[in-house]
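**Student:** The following block contains the structure, expressed as structure tokens.
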Amino acid sequence: MMQSAPSISAATGFFGYRFNPVGVLAFLVILFWTVVALFAPHIAPQPVGKIVDMDYFGPMSSKLWLGSDYLGRDVLSRIIYGARYTLGIALAGVLIASSCGVIFGMAAAVIGGWFDAALSRFMDAMISIPSKLFGLVIVAAVGSSLPALILTLAFIYTPGSYRFARALAVNVNTMDFITVARVRGENTLYLAISEILPNIIRPVLADFGIRFVFIVLLLSGLSFLGLGVQPPLADWGALVHENIQGLSFGAAAVIAPSLAIASLTISVNLLIDNLPRKIRDRSA
């Protein structure tokens, strides 16, 4: 029986991993928005708050590539600056949420007993609260400052990260090499950092990407409702909110930030789905 030719849908590349072209394209989109966020002041053609058009919702032109918004400001410049707040707040929130979730998850798995039971019941109670409703209540109570937004988003998504990390850590905690380490007299900190963390880090990184998407969407939703990033600052969700009246005109001021949110979230999802199995699966 003849053997079929090797598939060309994935290419061998860096560090011996096989990269799917879809994953590479998704990574390039994420890299693009990251560069835009980092170098926004040098890339934006106009100051973010400068009125450059005497007409509102002006059409796209050679001067204003995406037209103007409801005040006559350059939409492209505001999207470029908005990338800083969307990516920055979401990244800070997911870093805190994932770090706390992984730390508490490993501690619960290693310590066990009443600590595991009490912490897990608390996290279960937090998960049962709808995330958007909880975010609305907290932001309405404490305000929409950037630190408050970051901490609120991190608090909302820490329980999910905890449940995921704990499930992985409990699985690893039953293995023979953990038993050997306990017999050697290793302490809890050593078991968590040196034995469990290296064995769960790959799926945790994949979960990190998923939580990032959730936080971007929740942040955009809060901003769309007027409870996220406040003027004169604006993330992409806030740009949609402040220009929503232009939807009937088909203005780029409301369409472009919506496409920016979609391109980022879809790209992160595609990148996670097309990561090499060695990265996604600790058993690979």
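The values are calculated or read from the model by the stated rules, or taken from the named source; none is laboratory data. The model shown is predicted, which means the values in this text are computed figures rather than measured ones. Glycine also receives a Cβ, built like all others from the backbone with ideal geometry; neighbour counts cover every protein chain displayed. Ligands, DNA and RNA are stripped out before the accessible areas are found, and what is left, the full protein with its side chains, is counted by its heavy atoms. Shrake-Rupley method; radii C 1.70, N 1.55, O 1.52, S 1.80 Å.
**Student:** Within region 116-146, how many residues are under 23 Å from L91 (Cα atoms) and at pLDDT 90 or above?
**Tutor:** 1
**Student:** Further question: Please find, within region 147-181, the residue that is nearest to the chain's Cα centre (by Cα) out of those that are over 23 Å from F122 (Cα atoms) and surrounded by fewer than 15 Cβ atoms within 10 Å (Cβ to Cβ).
**Tutor:** My answer is P147.
**Student:** In addition: Tell me yes or no: at least one residue of region 77-84 is open to solvent by 30 Å² or more (accessible area, probe 1.4 Å), in contact with a helix residue (DSSP H, G or I) (Cβ under 8 Å, 6 or more places away or on another chain) and under 17 Å from G160 (Cβ atoms).
**Tutor:** No, region 77-84 has no match at all.
**Student:** Taking the stated definitions as given, is S61 at pLDDT 90 or above, among the small types (G, A, S) and surrounded by fewer than 17 Cβ atoms within 10 Å (Cβ to Cβ)?
**Tutor:** In short, no.
**Student:** Further question: Looking at region 192-209, is at least one residue in contact with a Ser or Thr (Cβ under 8 Å, 6 or more places away or on another chain) and aliphatic (A, V, I, L, M)?
**Tutor:** So far as region 192-209 goes, yes, one or more of its residues are in contact with a Ser or Thr (Cβ under 8 Å, 6 or more places away or on another chain) and aliphatic (A, V, I, L, M).
**Student:** Identify, from the list L133, L149, the residue that is over 27 Å from T174 (Cα atoms) and touching a residue at least 40 places away in the same chain (Cβ under 8 Å).
**Tutor:** L149
**Student:** Filter region 16-40 down to the residues that are in a loop (DSSP other than H, G, I, E, B) and either of a type in the set (D, E, K, R) or out of contact with any strand residue (DSSP E or B) (no Cβ under 9 Å at 6 or more places or on another chain) (or both) and list them by number.
**Tutor:** The answer is Y17, F39.
**Student:** For region 229-258, what are the residues that are in a helix (DSSP H, G or I), of a type in the set (S, T, N, Q) and surrounded by 15 or more Cβ atoms within 10 Å (Cβ to Cβ)?
**Tutor:** The one that is in a helix (DSSP H, G or I), of a type in the set (S, T, N, Q) and surrounded by 15 or more Cβ atoms within 10 Å (Cβ to Cβ): S258.
**Student:** Any residue that is touching a Lys or Arg at 6+ places or on another chain (Cβ under 8 Å), farther than 16 Å from V268 by Cβ, outside any loop (DSSP other than H, G, I, E, B) and at pLDDT below 85 - is there at least one of those in region 41-57?
**Tutor:** Yes, region 41-57 contains a residue that is touching a Lys or Arg at 6+ places or on another chain (Cβ under 8 Å), farther than 16 Å from V268 by Cβ, outside any loop (DSSP other than H, G, I, E, B) and at pLDDT below 85.
**Student:** What tally of residues in region 86-101 results from selecting those that are surrounded by fewer than 18 Cβ atoms within 10 Å (Cβ to Cβ) and among the aliphatic types (A, V, I, L, M)?
**Tutor:** Going through region 86-101 one residue at a time, the tally reaches 2.
**Student:** Further question: Would you check if S194 is farther than 23 Å from V216 by Cα, of a type in the set (S, T, Y), over 18 Å from the mean Cα position of the chain (by Cα) and buried (at least 17 other Cβ atoms within 10 Å of the Cβ)?
**Tutor:** In short, no.
**Student:** Also, quick follow-up: So, in region 259-275, of the ones that are at pLDDT 85 or above and open to solvent by 50 Å² or more (accessible area, probe 1.4 Å), which residue ends up farthest from the chain's Cα centre (by Cα)?
**Tutor:** L259
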